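> Structure below; questions to follow.
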Amino acid sequence: MAVPLELDLPSDHYTVEDWLHLPETVGQRIELIDGSFVVSPTPLSNHQVCAGRLRTLLAAAASHDLEVVEAFGVRTASEVPVPDVVVGDGEVLLSGATVLLPEQTHLVAEIVSPSHRQRDYHDKPRIYAAAGIPTFLRIELAGVAPPYVEVFHLHDGAYTLVAKANAGQTLELTRPFPVAFDPGRLLGRRAG
């Protein structure tokens, strides 16, 4: 469950600059959403397995100028969400950057957590769309035939659903590079 971060800062409405001056933390993810710091504990193991496998699948298909990382901040004008998986400019990610700017970010993915449904379905897509990030993936780990993956492309400032698939089906992405996979590969036992 996400909890507020206790800090001795002079404001009750935090800024990107405040976020950039936070100390490094271990085992927590700190995001700046709507002027508040949101601290999340390390995700459950199935969430981490899914993120790792998605990162591996995307990295194998990515062009040489892109890198795929987990849990890395994207700095907008007033917020710093931390997507579960990010595809960004390789040069920036290899330089030791603190965050990616929206124009350096090509895809973000959120794995829905039961305690973060509002954020994963409403807040974060709103933030990513307003920042101009071209592709957004949302992955559900619960329900019928999980994982269920939805792919959204930015069109006229809002996300439009362009593809979806459950485990056992094939999901095809065209942006930021072509890749196709069965969402079932993101969770469950690995093939022997």
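We did not get these values from a lab; they are worked out from the coordinates using the rules stated. This is a predicted model, so every value here is computed, not measured. For neighbour counting, all protein chains shown are included, and Cβ atoms are generated from backbone atoms with ideal geometry for every residue, glycine included.
> Roughly how far apart, in whole Å, are the Cα centres of region 121-186 and region 55-92?
15 Å
> In whole Hz, with x marking every Gly and Pro, tabulate ³J(HN,Hα) for region 64-76 from phi via Karplus 6.51 cos²θ - 1.76 cosθ + 1.60, θ = phi - 60°.
4, 8, 10, 10, 10, 10, 9, 6, 10, x, 10, 8, 9
> For region 156-168, what does the Karplus curve 6.51 cos²θ - 1.76 cosθ + 1.60, with θ = phi - 60°, yield as ³J(HN,Hα) per residue in whole Hz, taken in order and with x for Gly and Pro?
With coefficients 6.51, -1.76 and 1.60, one gets 6, x, 9, 7, 10, 5, 10, 7, 7, 7, 9, 4, x Hz.
> Can you tell me, using C-alpha contacts under 8 Å and at least 6 residues apart, the relative contact order of the chain as a whole percent? Before the final figure, lay out the partial values.
Details: 368 pairs, mean separation 28.7, N = 192.
Contact order relative to length: 15 percent.
> Which value in nm describes the separation of the simple spin-label points at LEU94 and GLU172, placed 7 Å from the Cα toward the beta carbon?
3.1 nm
> Let's test the formula: R0 of 30 Å, r as the Cβ-Cβ distance of ARG189 and SER36. What FRET efficiency results, to the nearest 0.05? Working shown, then result.
Working: r = 39 Å, r/R0 = 1.30.
The value I calculate is 0.15.
> Next question. Taking the Kirkwood radius as the inverse of the mean 1/r across Cα pairs, report the Rg/Rh of region 70-192.
Values: Rg = 14.4 Å, Rh = 14.9 Å.
Reported Rg/Rh, Kirkwood definition of Rh: 0.96.
> Tell me which residues come under 5 Å, amide H to amide H, from LEU66 once H is placed; ignore anything under 5 positions away on its chain.
The answer is GLY90.
> Would you please state which residues of region 82-103 a label at LEU20 would reach in this model, taking the label point 7 Å out along Cα→Cβ and a backbone N cut-off of under 14 Å?
Answer for region 82-103: 97-102.
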